[in-house]
Every structure is written in C-alpha cells, then in structure tokens.
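See below for the structure under consideration.
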C-alpha cells in the first residue's frame, strides 16, 4: 500500500466520523418489511414507498426507519404523521426496523459530499460506485467512497480498489 492510499484511508476515517458531510440527492432502497418486500425511494419531490400504508398516508414505517438511520445524510425534515395513521404502531415498527438493519439494502444513491477542499458527487448503483474525485478515476476508490462505505456499513457493497500499475 502506498502513501497516497494510506492518506486517503485516514481521510476516509475522518470523514466517516462526520456523516453530515454527505447529503443524499436521491436514494433507492430495497426494504424487507414484516410481511413483504418494498421499494423505498427519495428524490427532489420527496419520499415514496411501494407499501399500502404509504399509498394511504404518504408516510410509513419503512420511511420512518430510514429517517432514523440516515438522518445526518438527509438534510430534510421528517415526513409528518398523517390524519388517521396508526402512529403508535408505525413508530414502534419504525424503531424495530431501524434496529433490524439486515432488512435494508441500498440499491442506489446520488449524493453530494463536502470534502476538505471541494464538493464531490458520489453515486452508487447496485454495487457500482462512482465519484468525481480524481483519485477515484485512478484507483476505483477515494476517501469519499470509503467514508460512505463506513457510514452505510451493511447497506451497500464496498468499492473495489484497482491495483496500482
């Protein structure tokens, strides 16, 4: 391992301790609920979920769990409870789901990452990482992707570093 990679690993550890540096622009999540699987997504228009609770109330335990787990990366107010929603049951489910992290797999995301010197974009799509950082173009990893791997541990596949030529 060379000095530049060691430097990036150290920087990634620093960045991972500051998850608020990353902001999701969009997010796609495969969520294994209590009864079936659902697709949860976030974009500039807000959240959506394939579950029936979302179709009725525009909020559900799946979204609530993600708001709990990913709060520093969301930079938005939680979705408010809806009239007629079974709030107690949904909050209990959301907290249980947030503890049962194996239910959640991030399929894709696009995020802004505030580095020490400038902002970068990092994307993830079914295990394929990309970053605007020049180091990523050379190595297939960078401090931003490594930090997000640590922050999102268990939710994403790690980036694969390319061997140095």
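The values are calculated or read from the model by the stated rules, or taken from the named source; none is laboratory data. What you see is a predicted model, and the numbers here were worked out from it, not measured in a lab. As a convention, Cβ positions derive from the backbone with ideal geometry for all residues, glycine included, and neighbour counts pool all protein chains shown.
Could you tell me whether residue 62 is touching a helix residue (DSSP H, G or I) at 6+ places or on another chain (Cβ under 8 Å), surrounded by fewer than 19 Cβ atoms within 10 Å (Cβ to Cβ) and on the phi < 0 side of the Ramachandran plot?
So residue 62 does not fit the description; no.
Residues that are under 30 Å from residue 144 (Cβ atoms) and without any contact (Cβ under 8 Å) to a residue 24 or more places away in the chain within region 77-98 comprise 77, 78, listed in sequence order. Take residue 46 and decide whether it is loosely packed, with under 13 Cβ neighbours inside 10 Å, out of contact with any helix residue (DSSP H, G or I) (no Cβ under 7 Å at 6 or more places or on another chain), modelled with pLDDT of 95 or more and under 25 Å from residue 122 (Cβ atoms). So residue 46 fits the description; yes. Please work out if residue 110 is out of contact with any helix residue (DSSP H, G or I) (no Cβ under 9 Å at 6 or more places or on another chain) and surrounded by 14 or more Cβ atoms within 10 Å (Cβ to Cβ). Spelling it out, residue 110 is indeed out of contact with any helix residue (DSSP H, G or I) (no Cβ under 9 Å at 6 or more places or on another chain) and surrounded by 14 or more Cβ atoms within 10 Å (Cβ to Cβ). Is there a residue being modelled with pLDDT of 90 or more, under 20 Å from residue 9 (Cα atoms), surrounded by fewer than 16 Cβ atoms within 10 Å (Cβ to Cβ) and touching a helix residue (DSSP H, G or I) at 6+ places or on another chain (Cβ under 8 Å) anywhere in region 136-155? Scanning region 136-155, I find at least one residue that is modelled with pLDDT of 90 or more, under 20 Å from residue 9 (Cα atoms), surrounded by fewer than 16 Cβ atoms within 10 Å (Cβ to Cβ) and touching a helix residue (DSSP H, G or I) at 6+ places or on another chain (Cβ under 8 Å), so the answer is yes.
Does residue 98 qualify as being in a helix (DSSP H, G or I), over 20 Å from residue 25 (Cα atoms) and within 14 Å of the chain's Cα centre (by Cα)?
Values: in a helix (DSSP H, G or I): yes; over 20 Å from residue 25 (Cα atoms): yes; within 14 Å of the chain's Cα centre (by Cα): yes.
Yes: the conditions hold for residue 98.
Among the residues that make up region 134-156, is at least one of them assigned to a strand (DSSP E or B) and more than 24 Å from residue 68 (Cβ to Cβ)? No, region 134-156 contains no residue that is assigned to a strand (DSSP E or B) and more than 24 Å from residue 68 (Cβ to Cβ).
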